[in-house]
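Chemist: Submitted below is the structure of interest, expressed as structure tokens.
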Amino acid sequence: MTQTASTAGRKPLAVPTQVALAGVFAALIAVCSMLPPVPVGGFGVPITLQTFAVMLTGLILGARLGFLSVGLYVVVGLVGLPVFSGFNAGFGVLAGPSGGYLLAFPFAAALAGALSSLVLKRGQAAAARRQTGTGRMGFGWWALVWLSAMIGSFVFVHPMGIGGMMLALDLDLPTAIGADMVFWPGDVIKNVLATAVAATVIRAFPALALRRF
């Protein structure tokens with residue numbers, strides 16, 4: 001009986017469900033982007049809740065669907081709907097100081113989703129062996145999920161953001177790194193919040209973590 005339930009839980013989500021989830025999380029990112037930004041540093045890149053929503057999308061949906069959902073958000077903004085920070089839209093945003101960050105979002109969500117999928121599957125398997133239930137992972141496993149989000153941030157978001165500022169503002173590398181470091185503490189906090197929300201969702205729907213693809 002346990003094996004049958006586990007096998008069923010690993011079946012991919014139905015295509016209509018995938019489409020619905022991608023749309024819902026793309027809309028979530030848009031809502032977080034439209035909340036009032038916090039200007040910092042004087043380089044035209046504000047602090048927003050975009051990265052919180054992007055990482056939450058990757059942690060909950062996994063690599064492929066997370067990439068598609070965040071990619072949908074980016075494409076919708078580029079074609080003209082004002083879903084970017086400050087109600088901006090269009091390809092001209094890519095030439096601005098935030099362009100590199102924006103392009104990094106789908107890849108960061110995919111990497112966070114891929115790494116967290118490995119952690120969640122192993123953590124749930126360990127929890128099941130301890131007979132604590134498929135959603136009852138310990139703090140150490142969720143710390144690894146948070147680390148997955150941090151790796152996504154520091155592999156894609158910050159390097160591509162630095163590169164975008166260098167191109168858009170003609171900054172040298174040390175100056176661009178200094179401008180980017182303003183966002184590091186906030187990213188740590190936002191990834192903690194994203195992990196906490198993801199933990200709540202996955203505990204409520206434990207099969208979701210097994211249906212990554």
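The values are calculated or read from the model by the stated rules, or taken from the named source; none is laboratory data. Note that the structure is predicted; figures quoted are calculated from it, not measured. FYI the Cβ positions are ideal-geometry reconstructions off the backbone, even for glycines, and counts take in every protein chain you see. Accessible surface is based on the protein model in full, side chains and every heavy atom, while ligands, DNA and RNA are left aside. Shrake-Rupley method; radii C 1.70, N 1.55, O 1.52, S 1.80 Å.
Chemist: Filtering the range 77-101 down to residues that are assigned to a helix (DSSP H, G or I) and open to solvent by less than 40 Å² (accessible area, probe 1.4 Å), which residue is farthest from ASP170 (Cα to Cα)?
Modeler: So the residue we want is GLY77.
Chemist: Here's a check for you: in the range 108-140, which residue that is of a type in the set (S, T, N, Q) and at pLDDT 85 or above is nearest to THR51 (Cα to Cα)?
Modeler: SER116
Chemist: Can I ask one more? Regarding the range 36-54, can at least one residue be identified that is modelled with pLDDT of 85 or more, open to solvent by less than 50 Å² (accessible area, probe 1.4 Å), farther than 25 Å from GLY164 by Cα and in a helix (DSSP H, G or I)?
Modeler: Among the residues of the range 36-54, not one is modelled with pLDDT of 85 or more, open to solvent by less than 50 Å² (accessible area, probe 1.4 Å), farther than 25 Å from GLY164 by Cα and in a helix (DSSP H, G or I), which makes the answer no.
Chemist: State which residue is surrounded by the most Cβ atoms within 10 Å (Cβ to Cβ) when the search covers only the range 134-163 and only residues that are farther than 20 Å from LEU111 by Cα and touching a helix residue (DSSP H, G or I) at 6+ places or on another chain (Cβ under 7 Å).
Modeler: MET137
Chemist: Oh, and also: Given ALA125, ALA104, which one is open to solvent by less than 50 Å² (accessible area, probe 1.4 Å) and more than 20 Å from ILE29 (Cα to Cα)?
Modeler: ALA125
Chemist: Moving on to the next point. Within the range 155-172, count every residue that is in contact (Cβ under 8 Å) with a residue 60 or more places away in the chain and closer than 19 Å to GLY113 by Cα.
Modeler: Number satisfying all stated conditions: 2.
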